[in-house]
Amino acid sequence: MYPAPFDYVAPTSLEEAVEELAQRGDDARVLAGGQSLIPMMKLRLAVPAALVDINRVPGLDSIQEANGHLAIGALVRNNDIVDSDIVERTNHTVAAAAPWISDPIVRNRGTLCGSVAHCDPEGDWNSVMLAVGAEVVARSATGERVIPIADFIADFFTNTLQPGEMVTEVRIPKYTGRAGGTYIKLERKVGDYATAAVATHLQLEDDGRIAQAGIAMTSVAPINRKATEAEQMLVGQTPSAELFGEAAQAAANAADPETNVRGPAEYKRDLIRVYTRRGLAKALEIAQGS
Amino acid sequence: MTTTEQPALRTSEQICGMGHNRRRIEDDRFIQGAGNYLDDVKLPNMLHMAILRSPVAHARIVSIDTSEAQALDGVVAVVTGELMAQHNLAWMPTLSGDTQAVLATDKVRYQGQEVAAVIATDPYIARDALSLIFVDYDDLPAVVNPQQGLAGDAPLIRDEKEEQTDNVAYRWETGDAHATERAFAEAATVVELDTFYPRSHPCPLEPCGAVADVNPATGKATIYLTSQAPHAHRTLFALVAGLPEQNIRIISPDLGGGFGNKVPIYPGYVVATAASLLIGKPVKWIESRSENLISTGFARDYYMKGALALDAEGHITAMRAELLSDQGAFFADAQPTRFRAGLFHICTGSYDFPAAHVKATGVFTNKAPGGVAYRCSFRVTEASYLIERLVENAANQIGVDPAEFRRRNFIKAHQFPYRSATGFLYDSGDYHGAMDKALEMVDYEHWRAEQAKGPREDGKLIGIGLASFTEVVGAGNSREYDIAGLKMIDSAELRVHPTGKAILKLGVKSQGQGHETTFAQIVAEELGIPASDVIVMEGDTDNTPYGLGTYASRSTPVAGAATAVISRQLRDKAAKLAAHLLEASEDDLEWEPGKFSVKGAPDRSVTIQDIAFAAYTNFPEGMQAGLEGVHYYDPPNMTYPFGTYVVVVAVDPETGVWEVLKMVAVDDCGVRINPMVVEGQITGGLTEGFAMSNMQWITFDGDGNCIGSNFTDYLVPTAWETPRFDLGQTVTPSPHHPIGAKGVGESATVGSPAAFVNAVLDALKPYGVRNIDMPVLPHRVWEAVQGAPAPA
């Protein structure tokens, strides 16, 4: 496991980091947790000319509540999210997904922002971000912009960052009122990518009807996919097993899985149906209890 | 001679002989990161080697251009098959009498095959240079399974072999075909099962490697090697490379697991040694994980058609098995020479019936060579899996509880020694006792009652699976068992120093089994020297006696026996020395561990330490000085460990996910030298058995590309997904082994996969599912349920 030669810089401020990125352009990759990047480099599947290591940049490693959202910095490790009381209190979908991110060793180093930026359709976080409606904060030498997650994910392993931009923060809306959500994942073993997984999020009206619904799926399409039709079927309705069953079927119809070592496409599609139904039931149970 | 308890301790905690849960002494250095593994070996002026491997499964090599790689700064040499051929080393013999390419000259025959090697001043440069070697391949169609290999239009993989006209590696059969046929003709019920034991990989934590150091001044080749069989490897190096054997020293340092993966000789070893010889400097080669997974000895890949004949009372009367083995591109199994399908013919298992017939065909394919590895006892894993699946199906087919069906058909305790239908002489056993204990521990009746209630509230189905395996381990005897002509004996050399401390040198080689701890306990038991005063040395061929190595659970049956015998021989000499020191007749002496005393006068005694000192300072006239000796042990028979495993699962029919609610493993491996180490071995083996049944396999696409070349695709379970195991024991000593012990290292991988699979299938009985091949991944359960009628 010997990577090809590369340059390495370790800036100590955000200004310096974006300046390095501005100068090096597409040849440089940002190193935060490195849990996808480093193995790819060791296998020589990724051969970046330079790494800009942001681990010494101050101010990126905190989870904060601000303006109705949770701000998760680019150096917040997945295990910080697992351990976070704020997350547990404010977003059940995120809290439920965090322990399912790979294995404890990867969670010690890997970051949410890195995973979001990586846009691996088998990654868990972007499904969660789609279900809860997160935003991505991108910074470059010339300024900062805020990108809705659905606009951030461009394609298979492709985001909409411009050359010279880096993700500094992900913003996750905090629950208000009666809300709940979860993440259900089938993995063959700890650390495996999902065979299939579903993130669900429900926000209820005072009268018990569904105000907002978020459903997104992992490993069943070229990108993490939002089950938009299923979401729309739920909004404004009174929750019931039948309704959830119909929405689950709509989500399954929206999946476009591949047959591979994790199983045939038909199986994964059916898993989406079962997990959406179970996920909505769990989200409702939490919302009704909150 | 059945007992159900471990014999009482005969030694004090301080002496720590057999039966004590002595803590593994080797772990001190391992857990401190102070082990000495292959990659820790660093020699002055050492160069680094990297191997270029074929990206395709089957292709003719048109040309290899190494000029750019040669020109890279830091590259010392680029080795191709052409260069190896100049030294007559482009091909090498395998352990099964075939030949294998060291570096490909004519064709590549599997993805990952060795094509060229770069030797450079550092490992990064060596790998950089690989991308500067340009090979022109002319692709050929790939054969990716044995059925394809046997088809009339299959490409001939081994076209370099003059006598080879098809892809058949061997045909082999054993047993009585006629008697078996007759029994099937007369059977009241015939139970059939077609099943596939998929390709898996032993995947030791440490991959394979070598540091070859050929001294240009003396000609001495010191080769550090990840070797489970260093002595056999020395001899084979002498035969292959033509080096004089006295000039070859194999040192097998600490091994990070082996599981049979480190028994074969790999091309990398040969190329590194040749490179060191040619360049005159030490050369290190160590694989990456992916290289290990795609090119080294895999396991199984076995298609089995099995059948049982039953009479009207539900007794088995015969078994037949037809096997199709995917050998990969070369027949390179490490197994006893005369048995082409390993010891598969132990497939009659724990059951008493008169007739069996086994027919095996080995086929060349465009996949990495191997098949016999991964804690398998020479294909006993496949055999045990087949019979235990068949027995379960037989019970279901005639509507008898699987435990009762086994009870009805087990060999009975009074029948031992028992001659099996395929000729094995089972040494000892009490199969009813082990199963009764397992059923009691698991609370079988309770789980059957739970199951009878139907699906649980969460929709999950309960299933209970059994496996009552019998293994055959501890090869040889020398009459029947050899590898590449080398008889399967093993040895122990014991040297007791004047101060009463000792060194025990063995021809076997621990890869994690704990030899340093347990073999010292045998000496402690027999001589009364505290185990902590006995150091155990293995793996250095210049400094240990000859042996065939550690695999197939043979260390305790063979080297353990040698240790006991040499200890007893030294005790006999110690008795003479004691008589001399006590001025008494040898007949008047009494032995207790560590001490001789005069009968009736217990105050007149000498310790083994006093005796050891006298052996060098005060020995009687006419006696040779010293308290040392070596013994070569040729086992009179194999040993036959056995046990019953019971698994309870809950299956979610909607997702196919299954979880283990309870797992009980009752093992009988005879007398346990160190119960804690035995339990560690069983726990590891059960984990691997669970892995095979639940998640592990290596597959190939239609072009022969390996799917399973890294830990994303090849799954190794962690503590998280591994269920809890409740271990139990019965103790039925081996009557022919000096200390009554049997091998145990592989029992759990051999026995457990069938128990897990039987449990899942038992849960799916309402759906009428009779077979799901391993690994029983959720999607396979789901597919089986989808295809089935809804349960009543």
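Each value in this text was obtained by applying a stated rule to the coordinates, not by laboratory testing. Since the model is a prediction, treat every value here as computed from it, not as a measurement. Cβ placement follows ideal geometry from the backbone for every residue including glycine, while neighbour counts extend to all protein chains displayed.
Taking the Cα centre of the protein assembly as shown as origin and assigning +1 to Lys and Arg Cβ atoms and -1 to Asp and Glu Cβ atoms, the resulting dipole is close to 1100 debye. Sorting B:554-560, B:315-321, B:354-360, A:127-133 by their mean Cβ neighbour count within 10 Å, with the most densely packed peptide first, gives B:554-560, A:127-133, B:315-321, B:354-360. Cβ crowding within 10 Å ranks B:585, B:295, B:384, B:428 as B:585, B:428, B:295, B:384, fewest other Cβ atoms first. Beyond 18 Å, the tail of the calculated P(r) for the stretch B:56-116 holds 41 percent of the Cα pairs. Relative intensity of chain A on a log10 scale, I(q)/I(0) at q = 0.09, 0.13, 0.15 Å⁻¹, equals -0.42, -0.86, -1.11, per a Debye sum over C-alpha point scatterers of equal strength in the absence of solvent. Were the residues from residue A:103 through residue A:249 laid out at 0.36 nm apart, the gain over their Cα-Cα distance would be 49.5 nm. Exposure proxy ranking for B:496, B:534, based on other Cβ atoms within 10 angstrom of each Cβ and starting from the fewest, stands as B:534, B:496.
Across the stretch A:178-221, the relative contact order, built from alpha-carbon pairs under 8 Å that are at least six residues apart, equals 35 percent.
Evaluated at q = 0.08, 0.11 Å⁻¹, the base-10 log of the normalised Debye intensity for chain B, with identical point scatterers placed on the Cα atoms, takes the values -0.69, -1.22.
Considering only A:159, A:137, A:149, the residue lying farthest towards the positive end of the dipole of the stretch A:63-173 is A:137, judged by Cα position with unit charges set on Cβ.
Annotation: average projected area of the stretch A:148-241 is 8.0 square nanometres, based on the convex hull of Cα atoms across all directions. Restricting the stretch B:232-332 to GluC sites (Glu not before Pro) that sit in a DSSP loop and have at most 11 other Cβ atoms within 10 Å of their own Cβ leaves B:313.
Note on the stretch B:392-469: Cα-only Rg and Dmax are 15.7, 50 Å. Over the alpha-carbon set of the stretch B:642-784, divide Rg by the Kirkwood Rh and report the Rg/Rh ratio to two decimals. A ratio of 1.04.
Alpha-carbon geometry of the stretch A:178-289: the Rg and the Dmax are 13.6, 46 Å, given in that order. Computed over the stretch B:182-299, the alpha-carbon pair-distance distribution with 10 angstrom bins reads 13, 38, 22, 9, 8, 7, 3, 0, each value a whole percent. Return the distance in nm (one decimal) between the two label points of a simple spin-label model at residue B:458 and residue B:569, each offset 7 Å from Cα along Cα→Cβ. A separation of 6.0 nm, rounded to one decimal place.
Note on the stretch B:350-389 and the stretch B:659-676: Cα centroid distance 23 Å, given to the nearest whole angstrom. For residue B:634 and residue B:289, what does the FRET efficiency come to when R0 = 30 Å and r is the distance between their Cβ atoms, rounded to the nearest 0.05? Between residue B:634 and residue B:289 the formula returns 0.15.
Our summary gives the stretch A:178-289 a relative contact order of 32 percent, counting only alpha carbon pairs under 8 angstrom and 6 or more residues apart. In terms of the mean number of neighbouring beta-carbon atoms within 10 Å, the peptides B:669-676, B:475-482 order highest first as B:669-676, B:475-482.
Over the Cα atoms of the protein assembly as shown, the radius of gyration divided by the Kirkwood radius equals 1.00; this is the Rg/Rh ratio.
Semi-axes of the equivalent ellipsoid of the stretch B:273-401 are 40, 14, 12 Å, computed as sqrt(5λ) over the eigenvalues of the C-alpha gyration tensor in descending order.
What are the membrane-span-like helices in chain B by this rule: whole DSSP H runs, Cα extent along the axis at least 24 Å, mean Kyte-Doolittle hydropathy at least -1.0? For chain B, where a helix must reach 24 Å along its axis and average at least -1.0, the hits are B:380-398, B:561-582, B:675-694, B:747-763. In units of the rule-of-thumb radius 2.2 N^0.38 Å, the stretch B:1-119 shows an alpha carbon radius of gyration of 1.84. In plain terms, the bigger the Kirkwood radius, the slower the diffusion; for the stretch A:7-53, with that radius from Cα pairs, at 25 °C and 0.890 mPa s, Stokes-Einstein puts D at 226 µm²/s. Scanning residues 5 or more positions from residue B:113 or on other chains, those with amide H under 5 Å from its amide H are B:54, with H placed 1.01 Å from N in the peptide plane.
Under the criterion of Cα pairs below 8 Å and six or more residues apart, the relative contact order for chain B equals 17 percent.
Taking the Cα centroid of the stretch B:725-792 and of the stretch B:541-605, what is the distance between the two, rounded to the nearest whole Å? Between the Cα centres of the stretch B:725-792 and the stretch B:541-605 lies a distance of 43 Å.
Calculated FRET efficiency, residue B:87 to residue A:27, Cβ-Cβ distance, R0 = 45 Å: about 0.50 to the nearest 0.05.
A viscosity of 1.567 mPa s and a temperature of 4 °C, combined with the Kirkwood radius over C-alpha pairs in the Stokes-Einstein formula, give the stretch A:47-117 a diffusion coefficient of 100 µm²/s. Modelled spin labels at residue A:64 and residue B:247, positioned 7 Å past Cα toward Cβ, are 7.3 nm from each other. Given R₀ = 45 Å, FRET efficiency for residue B:23-residue B:188 by Cβ-Cβ distance, to 0.05? Using R0 = 45 Å, I get an efficiency of 0.25.
With the largest listed first and rounded to whole Å, the semi-axes of the equivalent ellipsoid of the stretch B:456-508 from the Cα gyration tensor are 47, 23, 9. Note on residue B:239 and residue B:338: the extension gain reaches 33.6 nm, defined as 0.36 nm multiplied by sequence separation minus the Cα-Cα distance. Within the stretch A:168-197, which residues have the backbone N less than 11 Å from the label spot 7 Å out from residue A:46 along Cα→beta-carbon, could you tell me? Zone members listed by number: none at all.
The mean of 1/r over all pairs of different alpha-carbon atoms in the stretch A:63-173, once inverted, gives a Kirkwood hydrodynamic radius of 13.9 Å.
Inter-chain Cβ neighbour count for B:605-612, averaged per residue, equals 0 (cutoff 10 Å, partner chain atoms only). When restricted to Cα atoms, the stretch B:435-478 yields an Rg and a Dmax of 17.2, 59 Å, respectively.
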